Amino acid sequence: MDAWGIVPWLLLSVVGAAVLAFLLFCCYLQYIHMKFDHIPGPPRGSFFFGHLLLFMKTNELIYDLLVEWSEKYGPVIRLNFIHSAVILSTSPEAVKEFLMSPKYTKDEFYDKFQDLYGVRFFGNGLVTDRNYDHWHQQRRIMDPAFSRTYLANIMGPFNEKAEELMEILEEQADGRTEVGMHDMMSRVTLDVIAKVAFGMELNALHDDSTPFPKAISMIMKAFGEIRNPFIEYMPGKRAYVKEVRESARLLRRTGEECIARRKRAIANGEEVPFDVLTQILKGAELEGDYDAENMVDNFNTFFVAGQETTANQLSFLVLELTRHPEIVKKLQAEIDEVIGSKRDVDYSDLGKLQYLNQALKEVLRLYDPAPSTFRRVENETVIEGIRIPANVAIMFVSYVMGRMEKYFKDPLTFDPDRFHPDAPKPYFSYFPFSLGPRSCIGQVFSQMEAKVVMAKLLQRFEFRLVPGQSFKIVDTSTLRPLDGVICTLTPRKSRKGTE
């Protein structure tokens, strides 16, 4: 047979191999479906894509769809994504079992955040490290720096940066100038974490167009699109991917330089800032093990995860308060009683701001900025009487449970009294900072910061939402207000207390 006669046979072989591969893939998908189809859940939108296309086509927030499905199908739901399945559970007993125990590792989902288009970012930091022993070593080093005892001694920078925000707002508090409160909250939280944690002056409140704040914004945009595995190869995205990589490199380079300078200063016996980084480096020295790359992983983690979530929580609180003047009055009365007209908020004041604490908790129930967490189940188990096959991801979503009538009466109503000290405590249905050993290390830091900023804001100003805005939520890897919480501000006319 000559060369030309071989060509049809080669083509036929290639086509045959492709058809065989396709049929084998179809058989594998059918196997996956049969393996999980005994678990309740909405009908798949496609044999090949499962529920993926339903997620992509919906015009509403996907978490609202999950609330609807949880109400309809029960506490254990199967979701198919091409060749894999994810189990969504809204069972408090499952939350208790899987989040409170260290034997369940984080799912492979978190691997997506280790690198951004080939550039190391979160690496093996506290959020992404799935090796429990290695994670525990990191956490042991860093826990003292985020304790109440340590943070109580560094209230100065919290007050300093919050006061800078108040000064900027005072210049715009004429009742006419429109202020993007989400933008301002993002700037102040960035400046706070830079100063309190790393002794850095970013000055984002006065200029957010400098390279570091811009890089943070680009990273958050990238996280919002990280679910699309093909974006790196899509036409027209080359410049965007390049900018994300450059932003990731800038953050890592900044972290490396910041940590190296501080290590040199400590080694030379120089005076160093009394901040989170100093405490972490001292803890690492006592531990006898220091991984420079790992420390940079956590530098990025603290900046991106800590700054964005607190900014969103504060923004949602402002948004809710614009339609609840009665709650504003109660908050202002408490602040007048506890703080009066003092310029700075003392650490001892924070515990007395009980109603503000309740309001901040209620915001996290309705608008948890980081609403979901995943655990890997390696062995077959049972949840609410339903058999769960081995080697599957289980997803817990605090946003979903927080909006279910089953767990919270009249769940869409903003009511801080749900978290009154005498009110019944939610039974494993409220976990905005996760639960158990892998709960968020920065939750005390975050809520101290939120209290200081909101106490000063409510102490000084009245604010009104500019007409035409919605109360809709957008998912950009964290949940944030869609329209930016555009407000007009006026100074409060009278406040109790003296300097």
| task | Filter region 60-74 for residues that are closer than 18 Å to ILE39 by Cβ, touching a residue at least 40 places away in the same chain (Cβ under 8 Å) and assigned to a helix (DSSP H, G or I) and give the result. | result | LEU66, SER70, GLU71
| Residue check, SER209 under 24 Å from the mean Cα position of the chain (by Cα) and at pLDDT 90 or above | no
| query | Can you name the strands (runs of 3 or more DSSP E) wholly within region 406-499 that have at least 3 residues being at pLDDT 95 or above and in contact with a Gly (Cβ under 9 Å, 6 or more places away or on another chain)? | reply | 486-491
| field | Which listed residue, of GLU285, GLU293, GLU232, is farther than 30 Å from ILE486 by Cβ, modelled with pLDDT under 90 and touching a Gly at 6+ places or on another chain (Cβ under 7 Å) | value | GLU293
| message | With under 20 Å from SER470 (Cβ atoms) and crowded, with 22+ Cβ neighbours inside 10 Å as the only criterion, which of LEU364, LEU319, LEU331 stands out? | response | LEU319
| field | All positions within region 432-477 that are on the phi > 0 side of the Ramachandran plot and crowded, with 22+ Cβ neighbours inside 10 Å | value | none
| Of all residues in region 238-293 being among the polar types (S, T, N, Q) and in a helix (DSSP H, G or I), the one that is surrounded by the fewest Cβ atoms within 10 Å (Cβ to Cβ) | THR278
| field | helices (runs of 4 or more DSSP H) wholly inside region 75-165 that include at least 1 residues being over 24 Å from GLY255 (Cα atoms) and of a type in the set (Phe, Trp, Tyr) | value | 92-100, 132-142
| field | Conditions (1) under 30 Å from ARG323 (Cβ atoms); (2) assigned to a strand (DSSP E or B); number of the one not met by ILE394 | value | (1)
| query | Hey, PRO491 hits all of (1) surrounded by 16 or more Cβ atoms within 10 Å (Cβ to Cβ); (2) touching a residue at least 60 places away in the same chain (Cβ under 8 Å); (3) more than 15 Å from the chain's Cα centre (by Cα) but one; which does it fall short on? | reply | (1)
| message | I need every pair where a residue in region 132-161 that is within 14 Å of GLU449 (Cα to Cα) and of a type in the set (A, V, I, L, M) has its Cβ under 7 Å from the Cβ of a residue that is assigned to a helix (DSSP H, G or I) and at pLDDT 90 or above, sequence separation at least 6 or different chains. | response | LEU151/VAL444; LEU151/PHE445; LEU151/MET448; ALA152/TYR347; ILE154/VAL196; MET155/TYR347
| message | Going by what's in this entry, would ARG44 be described as at pLDDT 95 or above and either loosely packed, with under 13 Cβ neighbours inside 10 Å or outside any helix (DSSP H, G or I) (or both)? | response | no
| Which of the residues that make up region 86-131 are crowded, with 17+ Cβ neighbours inside 10 Å and at pLDDT 95 or above? | VAL86, ILE87, LEU88, SER89, THR90, SER91, PRO92, ALA94, VAL95, GLU97, PHE98, LEU99
| For LYS425, which of the numbered conditions (1) in contact (Cβ under 8 Å) with a residue 24 or more places away in the chain; (2) farther than 20 Å from GLN307 by Cα fails to hold? | (1)
| said: Being in contact (Cβ under 8 Å) with a residue 60 or more places away in the chain, under 24 Å from LEU126 (Cα atoms) and of a type in the set (A, V, I, L, M, F, W, C) is true for just one of VAL304, VAL328. Which residue is that? | reply: VAL304
| note | Checked region 148-174 for anything closer than 24 Å to CYS440 by Cβ and hydrophobic (A, V, I, L, M, F, W, C); matches are LEU151, ALA152, ILE154, MET155, PHE158, ALA162, LEU165
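The values are calculated or read from the model by the stated rules, or taken from the named source; none is laboratory data. Everything numeric here is computed off the predicted structure, so don't read it as measured data. Positions of Cβ are backbone-derived with ideal geometry, glycine not excepted, and every protein chain shown enters the neighbour counts.
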